[in-house]
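Notes to accompany the following structure.
Please treat every number below as a calculation from the coordinates, not as lab data. Keep in mind the model is a prediction, meaning the values are calculated, not measured. Using ideal geometry, Cβ is built from the backbone for each residue, glycine included, and neighbour counts are taken over all protein chains shown.
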């Protein structure tokens, strides 16, 4: 269970509060207007944004003051955070060792991760030689190797076309189910949430609301969601 207990973030006049729980293995869409604090919420969970009060726990263990590198979290950003001077295999290998001193077993695991996301034969290419969809798959392969129980997605597929985005979301869903990962995915597209998420966290008016079942929240939307959807 991921728990944000009376958690608060304050940034230059902006404030966000969250008092909620996310069950292990859930796939949760994070929806809300631009600037509402969706990325801030993920940043706080990942440890990139300090809390001003409250705490964050995972499985009952307090991780509020845990360094980001030591948290049970992997995060994929909008730009997928690949290093252009490294090959596909090296970018993925960073999920195992940041110094890239990979053993033969490590290299085998990298190859397996690339095969799992459909990138066989591309290990020696650089990111600049890849399509947008392939770049997203490299980022997924890296987090697959990290094997962290919480996966945070900050709109990594926003620049992809509808068909390719649907394909990538389905792949994320499949990988999450295989590993029992807990996924929080920021999105501006309610239809993506409807298609793939079990629950929705609505972020609006300075509050990250507790998750609600996806079908329920769209069948009986709160006022803030109605305003957002127009």
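Overall shape of segment 50-124 was characterised from the C-alpha gyration tensor. The equivalent ellipsoid obtained from it has semi-axes of 31, 14, 12 Å, in decreasing order.
DSSP beta bridges confined to the chain are antiparallel in about 50 percent of cases.
Listing 64, 227 from the residue with the fewest other Cβ atoms within 10 Å to the one with the most, what is the order?
Details: 64 15, 227 12.
Going from sparsest to densest Cβ surroundings: 227, 64.
Gyration tensor over the Cα atoms of segment 2-229: the corresponding equivalent ellipsoid has semi-axes (square roots of 5 times the eigenvalues, largest first) of 30, 20, 15 Å. Distance from the alpha carbon centroid of segment 154-230 to that of segment 91-122 works out to 29 angstrom. The angle separating the long axis of helix 132-146 from the principal Cα axis of greatest extent in the chain is about 90 degrees.
Under the criterion of Cα pairs below 8 Å and six or more residues apart, the relative contact order for segment 91-219 equals 19 percent.
Counting other Cβ atoms within 10 Å as a rough exposure proxy, the listed residues 178, 5 run 178, 5 from fewest neighbours to most.
How many nm separate the modelled label positions at residue 188 and residue 79, each set 7 Å beyond the Cα in the direction of the Cβ? Once both label points are built, they end up 1.8 nm from each other.
For segment 2-229, what's the relative contact order in percent, using C-alpha pairs closer than 8 Å and at least 6 residues apart? Intermediate results must be reported in sequence, preceding the final value.
Working: 403 pairs, mean separation 69.8, N = 228.
Once divided by the residue count of segment 2-229, the mean separation gives 31 percent.
Note on residue 14 and residue 57: the model spin-label points, each 7 Å out from Cα along the C-beta direction, lie 2.9 nm apart. The residues 52, 214, when put in order of fewest to most other Cβ atoms within 10 Å, stand as 52, 214.
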